[in-house]
Amino acid sequence: MEGASNGGMLYHEVQESKLCAVHCVNTVLQGPFFSEFDLAALASDLDTKERQMMLEGTAAAGDFLSEESHNVSLGGDFSIQVLQKALEVWDLQVIPLDCPVAEPAQIDPELENAFICHLHDHWFCIRKVNGEWYNFDSLYAAPQHFSKFYLSAYLDSLKGSGWSIFLVRGNFPKECPISSSEASNRYGQWLSPEDAERITKSCNLTETQRNDIDQLPPEPVFSLDGTDVQFSDIEDEDLKAAIAASLMDSSPATASVEASTSKTENKDSQEKTA
């Protein structure tokens, strides 16, 4: 029986600047095969060929003759043509999911090996590794495991939200030299499935706790002598006790505050008289 690729490890890249296209290509290939400079070179080559074709053709060249690149934006977002060229180096095809040839993938996506997703300026890859599906979105700290059922539902959700989805087919690289010095970069990491699950759960727990804190009701504000103050800023213990009691009662808090203020003033007056 054939062993797991890359020793069962998952290759994931965490978002660096606006290099999501680089991260996407590398997670499709499951290794740090391309840098931003490699994709920029491909974009430049595509721009040159496109301008040449427009010059040789009879159609109006339009803004294709400008110096502005049509395959990489100033913000660093690469076109699908650049990703296609990069993956063609590894004999992989990138096919729009809504094409007739990709119809089987629309019906049974779990039988495929990889999908590329794009919306606005963000690219990410959904990839099957060693028989299991993962979302390798670089905005996540680790790849997120998908069940086969959830894969189909997730792709449908993306389509409904306006995402462009591309199917990747071909002979995917089987191994990447993990131990090689060339096989690492500042944003890539190798994770076991167990480590990926642990990191994902930790991030989800942190996010849940953050949401719980965000949903806490604001601290009560009371008016004292025409000035709004928060409960934590009140130093008089008798006044705090009166306010706390008023919160458990059906009467308005302001009434309790006024009563407590009066009580405090009477107490001070008695002490002075004594």
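Computed from the coordinates by the stated procedures, all read-outs in this text should not be read as laboratory data. Note that the structure is predicted; figures quoted are calculated from it, not measured. Here the Cβ positions follow ideal geometry from the backbone for every residue, glycine too, while neighbour counts run over all protein chains shown.
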Quiz item: Gain in length, L111 to V14, computed as 0.36 nm per residue apart minus the alpha-carbon separation, to one decimal in nm?
Solution: 32.2 nm
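Working out 0.36 nm times the residue gap between E103 and D195, then minus their Cα-Cα distance, what length gain in nm do you get to one decimal?
Full extension from E103 to D195 adds 29.6 nm.
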Quiz item: Hey, which of these cross-link pairs are over 25 Å Cα-Cα: K128/K159; K85/K201; K18/K159; K85/K174?
Solution: K85/K201
Quiz item: When all C-alpha to C-alpha distances in the stretch 80-144 are sorted into bins of 10 Å, what percent of pairs does each bin hold, rounded to whole numbers?
Solution: 18, 49, 32, 1
Exercise. Quick one: divide the alpha-carbon radius of gyration of the stretch 122-165 by 2.2 N^0.38 Å and tell me what you get.
Key: 1.13
Quiz item: What distance in nm separates the simple spin-label points at H120 and K148, each placed 7 Å from Cα in the Cβ direction?
Solution: 3.5
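Could you give the length gained on full extension between D45 and N204, defined as 0.36 nm per residue of separation minus the Cα-Cα distance, in nm?
Answer, rounded to one decimal: 53.1 nm.
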Exercise. Please work out the Cα convex hull volume for the stretch 111-201 and give it in Å³ per residue.
Key: 126
